[in-house]
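The values are calculated or read from the model by the stated rules, or taken from the named source; none is laboratory data. Everything quoted here is computed from the prediction, not taken from an experiment. Every residue, glycine among them, receives a Cβ derived from its backbone with ideal geometry; neighbour counts consider all protein chains shown.
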C-alpha cells in the first residue's frame, strides 16, 4: 500500500487533509458527459483511493451531469469521518455536452440542492464558485452577486465553506471581502504557471490552492526535459510532474483524476518521490523554456 502521508497535510475548511487527493471528473463518460464505460471500475477506483489514505475528493454535479456524485455516493456512503468532499457550481451541460454558464441565483441555488441530493448530504463541506465569464481561462468580471448567493446559503446551513475556481487574482481579492475563501482551484501545472504569484499570496494567508489539470488535462504535459529527469530518477514523467507540484508550495493540494486503478496507484505514488532542490529548479525552468 502507498503511503501518501509522506506528502504532508494542509488545512482545508478547517480540517487537515492529505495533500494528495483525488478528482472525480474522469469517472463520468467521454468528455465528462454521460455514464462511464465501466461503472464497477469507477466504484473500485474510489474505494481504492480511500483505502490508500485519500481524504479530499473533488467533484461537481455538472460532471455527467450528476454521474460522478451518484458514483461517489454509491461507492463511499456513509462517508468516512475524515473525508472532505469539495464540489463546484455555476455551470450546466447542454444536450450536446457543452459547458454553459449557470450563475443566476436560481441556478446556483438549484445546483447546491442537486449536489446535496445526489451526495446524500445535509450540508456541503466546500462549494467552489467557478467563474464562467470564460470557459477556457480566468476572465475579469464581478462575482459579487453569485458569491452573495452562496454566502446566503452558507448562513442557512446548506454550505459550510466557500471556494473559488477559474478566477483571477483580483476576483480572489474581491471575493475575500464578501466571504471567507478557503481554497482556490485554477489551471496550474509544471508548464502552465500563470498563477505563480497568486499561489504565494494564498500560501501566506493559509488558503489552499488546488490545481486542476495538474498533468495537463486533455493535453498531457509533453517535455523532453521532464522525460529526461524522470528517467534519471526512475519514475514516470507524470509522477515527477505531480511531485514537483507538491514541492512548489505547502498549500498546494493535488486532485489528479483517473478511471483506472493502475493510474490511480501511479498518481498516489508521486507522494513518495523526493526531489532534490537542484531537480526542482531544473524542472521549474521547463516553463520558461516554453515547456520543452
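Looking across 220, 250, 211, 256, one residue alone is within 17 Å of the chain's Cα centre (by Cα), modelled with pLDDT under 95 and within 29 Å of residue 167 (Cβ to Cβ). It is 220. For the stretch 85-108, the tally of residues that are without any contact (Cβ under 8 Å) to a residue 60 or more places away in the chain and either surrounded by fewer than 19 Cβ atoms within 10 Å (Cβ to Cβ) or closer than 20 Å to residue 71 by Cβ (or both) stands at 15. Of the residues 268, 253, 231, 246, the single one that is without any contact (Cβ under 8 Å) to a residue 60 or more places away in the chain and either farther than 23 Å from residue 52 by Cβ or touching a strand residue (DSSP E or B) at 6+ places or on another chain (Cβ under 8 Å) (or both) is 231. Of everything in the stretch 187-228 that is outside any loop (DSSP other than H, G, I, E, B) and in contact with a helix residue (DSSP H, G or I) (Cβ under 6 Å, 6 or more places away or on another chain), the residue that is surrounded by the fewest Cβ atoms within 10 Å (Cβ to Cβ) is 227.
Here residue 83 fulfils each of the conditions (1) under 18 Å from the mean Cα position of the chain (by Cα); (2) modelled with pLDDT under 95 apart from (2).
Tell me yes or no: at least one residue of the stretch 244-253 is crowded, with 22+ Cβ neighbours inside 10 Å, touching a helix residue (DSSP H, G or I) at 6+ places or on another chain (Cβ under 7 Å) and in a loop (DSSP other than H, G, I, E, B). Yes, there is a match, as at least one residue in the stretch 244-253 is crowded, with 22+ Cβ neighbours inside 10 Å, touching a helix residue (DSSP H, G or I) at 6+ places or on another chain (Cβ under 7 Å) and in a loop (DSSP other than H, G, I, E, B). Only a single criterion out of (1) buried (at least 23 other Cβ atoms within 10 Å of the Cβ); (2) touching a residue at least 40 places away in the same chain (Cβ under 8 Å); (3) within 20 Å of residue 22 (Cβ to Cβ) is not satisfied by residue 111, namely (3). Only one of the numbered conditions (1) at pLDDT below 95; (2) under 28 Å from residue 167 (Cβ atoms) is violated by residue 2, and that is (2).
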